[in-house]
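Reviewing the structure listed below.
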């Protein structure tokens, strides 16, 4: 290289060391860039999978599910990775899980008897088919939530407010769950309902809440009265049965006594009739005297004979010997 300064001609020689330094820097930059590219490619090729996750690897639009946990490889840019949870997840309806505040647009409902009620639900679900979960619908959780809200309102509308708030919760939950499970099987979007629970159910105003408390107290009083009545019945029925058994046994004893008495009288009459057949006149007289003695125990019958003597017939002292003793004393 030549430079002209004034009238003097100056000659500069090129520096070979400068070219070497520039080439070295360019080579170093190239190596760094290459390493960064390799690192970037490797970073896009390696992924880790937890035990509670699915991995869906899509190659030119064809999905493949990976379930085994650990470190896995994929082709960068060609294969796409999407992770799907295996665990049970959930969402609330009618309230905010973070703040706990009620969301009236979701919880406010009308019952069969045209009363208003606020009902909060919690829905639990899990992914059963990761591929369908990702590609069968745009937003499967949104679909599940809409279906759940629809069936909740339909089912609540079939019950009166008292059942929704108190006694019918289990039946309502079971009915909604069955409807959602059936519908999800038809939709086939890769998720399954695990459970749906009524978290809270109450009237929308304080006045109605107080009224329901009074109703609930009345129901508890009713149950208490019923329990006391059942207890009294359980005590009285055995006593009444014991008294009835005693009465029946007494009646049976009296009946047996009268039957035996009647049998005895029958036997006596049979004997008397047999005696009567043998000695009718004597039997008649005997029966007459015995009857008169029974009717008039103090009456005396004296028979005067033709020779002037007398005989006492009644009472029958002569048979006992007392009359003979009296006559001797006279």
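Kindly indicate whether any position in region 142-149 is touching a strand residue (DSSP E or B) at 6+ places or on another chain (Cβ under 8 Å) and closer than 14 Å to residue 190 by Cα.
yes
Restrict the check to region 61-78 and report whether at least one residue is farther than 29 Å from residue 128 by Cβ, surrounded by 13 or more Cβ atoms within 10 Å (Cβ to Cβ) and modelled with pLDDT of 65 or more.
Yes; the residues of region 61-78 include at least one that is farther than 29 Å from residue 128 by Cβ, surrounded by 13 or more Cβ atoms within 10 Å (Cβ to Cβ) and modelled with pLDDT of 65 or more.
Only one of these conditions is not met by residue 227: (1) assigned to a helix (DSSP H, G or I); (2) touching a strand residue (DSSP E or B) at 6+ places or on another chain (Cβ under 9 Å). Which number is it?
Of everything listed in (1) assigned to a helix (DSSP H, G or I); (2) touching a strand residue (DSSP E or B) at 6+ places or on another chain (Cβ under 9 Å), residue 227 misses just condition (2).
Specify which of the listed residues (181, 156, 143) is within 30 Å of residue 64 (Cβ to Cβ), without any contact (Cβ under 8 Å) to a residue 60 or more places away in the chain, surrounded by 17 or more Cβ atoms within 10 Å (Cβ to Cβ) and assigned by TED's automatic domain parsing to the domain that holds residue 95.
143
Quick check on region 89-98. Is at least one of its residues exposed (fewer than 13 other Cβ atoms within 10 Å of the Cβ) and under 25 Å from residue 48 (Cα atoms)?
Within region 89-98 (the criterion being exposed (fewer than 13 other Cβ atoms within 10 Å of the Cβ) and under 25 Å from residue 48 (Cα atoms)), the answer is no, since none of the residues qualifies.
Can you pull out the residues in region 44-86 that are in contact with a helix residue (DSSP H, G or I) (Cβ under 8 Å, 6 or more places away or on another chain) and part of a loop (DSSP other than H, G, I, E, B)?
If the condition is that a residue be in contact with a helix residue (DSSP H, G or I) (Cβ under 8 Å, 6 or more places away or on another chain) and part of a loop (DSSP other than H, G, I, E, B), then 74, 75, 76, 77 are the ones that fit.
For region 83-130, which residues satisfy the criterion of being closer than 18 Å to residue 158 by Cα and without any contact (Cβ under 8 Å) to a residue 40 or more places away in the chain?
107, 114
The values are calculated or read from the model by the stated rules, or taken from the named source; none is laboratory data. This structure is a prediction, so every number in the text was calculated from the model and none was measured. Reconstructed Cβ throughout: ideal geometry from the backbone, glycine too, with neighbour counts over all protein chains shown.
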